[in-house]
1. In the stretch 342-371, which residue that is within 20 Å of the chain's Cα centre (by Cα) and among the β-branched types (V, I, T) is nearest to A161 (Cα to Cα)?
2. Restricting the search to the stretch 160-187, which residues are in contact with a Ser or Thr (Cβ under 9 Å, 6 or more places away or on another chain) and over 20 Å from V317 (Cα atoms)?
3. In the stretch 235-260, which residues are of a type in the set (G, A, S) and modelled with pLDDT of 80 or more?
4. State whether one or more residues within the stretch 341-348 are without any contact (Cβ under 8 Å) to a residue 40 or more places away in the chain, under 21 Å from V279 (Cβ atoms), touching a helix residue (DSSP H, G or I) at 6+ places or on another chain (Cβ under 8 Å) and crowded, with 21+ Cβ neighbours inside 10 Å.
5. Using the structure shown, decide if D121 is under 14 Å from the mean Cα position of the chain (by Cα) and in contact (Cβ under 8 Å) with a residue 40 or more places away in the chain.
6. Which pairs do you get when a residue that is farther than 14 Å from A368 by Cα, found in the stretch 316-330, comes within reach of a residue that is of a type in the set (S, T, Y) and assigned to a helix (DSSP H, G or I), reach meaning Cβ atoms under 6 angstrom, with the pair 6+ apart or on two chains?
7. Checking the conditions here, which among A408, A390, A374, A403 is modelled with pLDDT of 80 or more and either among the aliphatic types (A, V, I, L, M) or buried (at least 18 other Cβ atoms within 10 Å of the Cβ) (or both)?
8. I need the full set of residues from the stretch 411-450 which are more than 15 Å from I271 (Cβ to Cβ), of a type in the set (S, T, Y), out of contact with any Asp or Glu (no Cβ under 9 Å at 6 or more places or on another chain) and modelled with pLDDT of 75 or more, in order please.
Amino acid sequence: MPDHAPTPAAPAPRATWLQTLRVYLEPASLRMLTLGFAAGLPLLLVLGTLSFRLREAGIDRGTIGYLSWVGLAYGFKWAWAPLVDRLPLPLLTRWLGRRRGWLLLAQAAIVAGLVGMALADPRQALGPIVWCALAVAFGSATQDIALDAFRIESADTGRQAALAAAYQTGYRLAMIWAGAGVLWIAARAEGAAALAQGTVYQNGAWQTAYLVMAASMAVGIVTVLFSREPRPVALPPAKNAAAWLRGAVVEPFADFLRRYGWQAALILALIAVYRISDVVMGIMANPFYVDMGYTKDEVAAVTKVYGVLMTLAGAFVGGVLSMRLGVMRILMLGALLSCATNLLFAWLAGHGHDVTALIAVVSADNLAGGIASAAFIAYLSSLTNVSYSATQYALFSSMMLLAPKFVAGFSGDYVNAFGYAHFFVSTALLGVPVLALVWLASRVKSTDGA
């Protein structure tokens, strides 16, 4: 019997800041950068940019508002996430694997839909462009499901924040391209003769712009083709259709409830309201800019380009700080900053038209949003079980938008009744309960240690 206890192993040395930053140059992070670009590209093309195009074509604003419901595909993607998570695709799954096969199919649907939107003329009939926009939205939502699972299964928990930051970077760069870039292309494709005749809408210019956007999806397609499929998670064989449905649809939700028990309600509440300050405020941001007298050029330069770059910086900072200080601490920081920056908009409402002030406020708001997004994505990723990663993450990412989008529907009436300054202060107060939920969620532990 030894006369002394064995010497405990020395703790592993903590990574230096340089070693932490190098994670962004790893192949997995670079793949997330390009796949994030493919994920961010379709969103504005079926929402913001499309509404600009339709209005220029003389489509009624009420009709454009109803057409924005195309975006609900993103809020209900959890409904078909079990199929993406479990259903093999003929030929594609055998060739590329389960995750990459679904990614390629979704990207093909996006490209086909964008080409259809390019060739359609909304002045002649809205039907074709609406159906093509729906194809893009469903393809994009499906790509999100498969891509979230691909990301979660491509690295360990310690690197999820970095992958989330790289994904957000690619996503935001795509939003610049699909927001400011598509308008730039369309403007330069307009014929000088038509402009001289005073023609406002030129469908040929929009055809060129949307075809370029469709071609830009090649960034994601090439990445999928040359990436390595994550190590597949072993799935128990299903004896019949009922057993398959139970494993694909019921088990992902039952697994989450088993792991967290009654605390699952707390986690789901946090997910449902974490971004409520930003989402509700964001609905009235563009009307606010118009009412404050900012020109389209000013808004495009500050919010579509400069603001997005600040969001990228925030995502980078959020990813690094999450790895260094822990996800929950940065989740709390992001929630606090989201409340505080909404108060800056309340100040701007009383300050008046001032581009310098707009730059300062948008910079702070987008930097805070980037930090919060990187930490939130890392948090959602940590909640998933790799056996059901696509379904569970789709549920989480859908839930985070449904309640805020519903509340945001009343934002216009609120502004009409109380004014912008009161509205922005109220959206900041909406975020106060989030701080308490983050504090409580930081004490939640999975029953199986997952």
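The values are calculated or read from the model by the stated rules, or taken from the named source; none is laboratory data. All of these numbers come straight from a predicted model, not from anything done at the bench. Cβ atoms come from the backbone with ideal geometry, glycine included; neighbour counts cover every protein chain shown.
1. For the stretch 342-371, the residue satisfying everything is I371.
2. If the condition is that a residue be in contact with a Ser or Thr (Cβ under 9 Å, 6 or more places away or on another chain) and over 20 Å from V317 (Cα atoms), then W177, A178, G179, G181, V182, L183, I185, A186 are the ones that fit.
3. First, pick out the residues of the stretch 235-260 that are of a type in the set (G, A, S): 238, 241-243, 247-248, 254.
Listed by number, the list holds a single entry, A254.
4. Scanning the stretch 341-348, I find at least one residue that is without any contact (Cβ under 8 Å) to a residue 40 or more places away in the chain, under 21 Å from V279 (Cβ atoms), touching a helix residue (DSSP H, G or I) at 6+ places or on another chain (Cβ under 8 Å) and crowded, with 21+ Cβ neighbours inside 10 Å, so the answer is yes.
5. Details: under 14 Å from the mean Cα position of the chain (by Cα): no; in contact (Cβ under 8 Å) with a residue 40 or more places away in the chain: yes.
No, not satisfied.
6. Pairs that qualify, where the first residue is farther than 14 Å from A368 by Cα and the partner is of a type in the set (S, T, Y) and assigned to a helix (DSSP H, G or I), are M323/T20; V327/Y379.
7. On the way: A408 fails: modelled with pLDDT of 80 or more; A390 fails: modelled with pLDDT of 80 or more; A403 fails: modelled with pLDDT of 80 or more.
Result of the check over A408, A390, A374, A403: A374.
8. Answer for the stretch 411-450, where residues must be more than 15 Å from I271 (Cβ to Cβ), of a type in the set (S, T, Y), out of contact with any Asp or Glu (no Cβ under 9 Å at 6 or more places or on another chain) and modelled with pLDDT of 75 or more: Y414, S426.
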